[in-house]
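In what follows, a single structure is set out as structure tokens and then discussed.
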Amino acid sequence: MGLLLTLLAFVIAIGLLILVHESGHFWVARAMGVKVLRFSVGFGKPLLRWQRSPEDTEYVIAAFPLGGYVKMLGEQDGSELPPEQRARAYDQLPPARRFLIALAGPAANFVLAVVAYTGVALIGIPGLAPIVGTVSPGGLAQRAGLVAGDRILAVDGHAVDTWEDLRMDLLAAAVSGERLQLRVRSPGGRTELRTLSLRKLPPDSVGPGFVEKTMGLGPYLPPVVGAVQTDSPAAKAGLQPGDRILAVDGRPVFSWQDLARRIEAHPHQRILLRFQQRGVTQERSLTTEYVLDAEGHPQGRIGIVMAPLPADLIVRKERGPLAAVVYGARQTWTMSVLTVEMLGQMISGRVSPSNISGPIGIAEAAGASFAAGLAPYLGFLALISISLGVLNLLPIPVLDGGHLLFCTVEMVMGRPLSAAVVQKAQMIGIVLLLMLMSFAFYNDILRLLKP
């Protein structure tokens with residue numbers, strides 16, 4: 001069922017993104033008076049096709065879903081058309097109009113992102129409160145003076161509502177290599193400023209897990225027991241669901257991560273737990289189990305599961321229609337800039353290219369967001385739509401950005417490039433695109449092979 005759900009979410013996402021992208025080209029071409037011969041979602045052998053009449057556009061759903069195209073009259077051989085048809089040929093348009101047709105596809109993806117993010121804002125996504133639960137020794141957060149219990153209020157003046165907001169703001173700052181200021185409310189109730197320096201980060205630090213691994217920050221998860229496994233050390237010691245762990249071997253425990261780290265560090269060893277059960281503080285001595293983690297390292301376990309988060313740690317912010325549209329537009333702009341900066345930093349070597357995902361990685365993200373609910377799935381669609389829009393704007397022949405480049409050169413020179421130059425450029429573009437796709441597949445496979 002999980003695989004089917006992932007495939008369904010992936011097909012819906014890719015199909016919608018391609019449909020929207022190609023619709024942008026289609027409608028602007030039609031508005032310019034160009035005859036569209038075929039509108040295809042997918043490449044290869046047609047699975048479904050329909051056409052009102054021989055003079056109308058043929059609509060196709062093809063076998064290979066990772067792409068699509070709009071075939072226009074005169075795209076390649078307009079000079080050989082009969083005189084009565086040449087008026088509706090693509091290559092008879094001035095370069096400025098062809099520029100608009102090429103631009104319409106990526107523009108449609110950005111519009112879809114605005115709509116999707118607007119939907120996210122209207123629905124509201126429950127998020128974890130931006131309260132610091134763990135601060136790793138030696139990390140950037142510790143050097144900036146952050147401590148467990150700090151609540152992040154704003155990043156460079158931009159209000160932070162959830163831990164995910166904080167994560168995205170920190171990632172954006174890391175890509176641009178900025179120093180930033182965090183406004184925090186300390187456990188004592190005082191509002192203070194903390195300065196983080198994000199310069200000279202290693203290339204492989206920016207990406208998934210950046211906040212936890214490089215920044216050394218983890219969200220606050222209460223050390224409250226949700227379930228106790230039968231016949232486990234915790235069960236034998238009398239722990240019950242709802243118990244709050246206060247200390248391990250006399251050292252106070254603040255968060256669930258802190259508790260897990262203390263227990264894991266003592267495989268098959270005697271530890272002393274202090275916990276609160278139904279308002280009464282108790283102490284129990286128990287021996288942890290000896291287990292091996294995914295990398296074969298020994299760890300301690302006592303057989304407890306974390307309790308669901310309490311309501312006061314869940315933040316759900318819903319916006320009205322106008323505020324939602326503003327949020328959608330602002331979020332689309334922010335993520336578009338971040339995507340461009342990430343690409344630039346990959347080229348310069350500041351950000352590791354291992355962050356590039358292929359179809360397998362996208363499918364996994366689609367399935368996970370789909371299972372999480374409508375709002376997370378809309379957020380995923382917006383992010384992928386932005387990525388598709390930015391990718392297509394790259395000045396690579398065979399992509400929309402290549403067409404934009406050719407049109408720009410033609411407007412500057414006053415004449416089109418020769419057919420031989422265009423053909424050679426397109427061959428180079430195909431090679432570059434195949435290299436990029438191969439690298440994305442390679443990253444996907446590496447992620448699958450990791451334990």
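The values are calculated or read from the model by the stated rules, or taken from the named source; none is laboratory data. Note that this is a predicted model, so its numbers are computed, not measured. Ideal geometry is used to build each Cβ from the backbone, glycine not excepted, and the neighbour counts take in all protein chains shown. When the accessible area is computed, the model is the full protein with side chains, heavy atoms only, and any ligands, DNA or RNA have been set aside. Shrake-Rupley method; radii C 1.70, N 1.55, O 1.52, S 1.80 Å.
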*Got at least one residue in the range 98-116 being farther than 30 Å from LEU73 by Cα, open to solvent by 60 Å² or more (accessible area, probe 1.4 Å), of a type in the set (Val, Ile, Thr) and modelled with pLDDT of 90 or more?*
yes
*List the number of the failed condition for GLN257; all other conditions in (1) within 30 Å of SER197 (Cβ to Cβ); (2) in contact with a Phe, Trp or Tyr (Cβ under 8 Å, 6 or more places away or on another chain); (3) open to solvent by 30 Å² or more (accessible area, probe 1.4 Å) hold.*
(2)
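For the range 316-332, state whether one or more residues are part of a strand (DSSP E or B) and in contact with a Ser or Thr (Cβ under 8 Å, 6 or more places away or on another chain).
Within the range 316-332, none of the residues are part of a strand (DSSP E or B) and in contact with a Ser or Thr (Cβ under 8 Å, 6 or more places away or on another chain).
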_Of all residues making up the range 244-296, the number that are under 20 Å from THR134 (Cβ atoms) and touching a Gly at 6+ places or on another chain (Cβ under 6 Å)_ = 5
*Subset of the range 233-266 [under 12 Å from GLY300 (Cα atoms) and assigned to a loop (DSSP other than H, G, I, E, B)]*: ALA265, HIS266
_With the requirement that a residue be without any contact (Cβ under 8 Å) to a residue 60 or more places away in the chain and among the aromatic types (Phe, Trp, Tyr), what does the range 11-30 give you?_
PHE26
*Mind counting the residues in the range 366-383 that are surrounded by 15 or more Cβ atoms within 10 Å (Cβ to Cβ) and in a loop (DSSP other than H, G, I, E, B)?*
0
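Just need a number here: residues in the range 149-163 that are in contact with a Phe, Trp or Tyr (Cβ under 8 Å, 6 or more places away or on another chain) and surrounded by 18 or more Cβ atoms within 10 Å (Cβ to Cβ).
Final tally of qualifying residues: 0.
Only one of ILE386, ILE396 is among the β-branched types (Val, Ile, Thr), open to solvent by less than 40 Å² (accessible area, probe 1.4 Å) and at pLDDT 90 or above; which?
Selected residue: ILE386, the only one of ILE386, ILE396 that is among the β-branched types (Val, Ile, Thr), open to solvent by less than 40 Å² (accessible area, probe 1.4 Å) and at pLDDT 90 or above.
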*Looking at (1) over 30 Å from ALA144 (Cα atoms); (2) over 37 Å from the mean Cα position of the chain (by Cα), find the lone condition where ASP249 falls short.*
(1)
*Can you confirm whether the range 286-296 contains a residue that is closer than 30 Å to PRO187 by Cβ, assigned to a strand (DSSP E or B) and open to solvent by 30 Å² or more (accessible area, probe 1.4 Å)?*
no
_Among the residues of the range 39-58, what is the count of those that are open to solvent by 60 Å² or more (accessible area, probe 1.4 Å) and assigned to a strand (DSSP E or B)?_
7
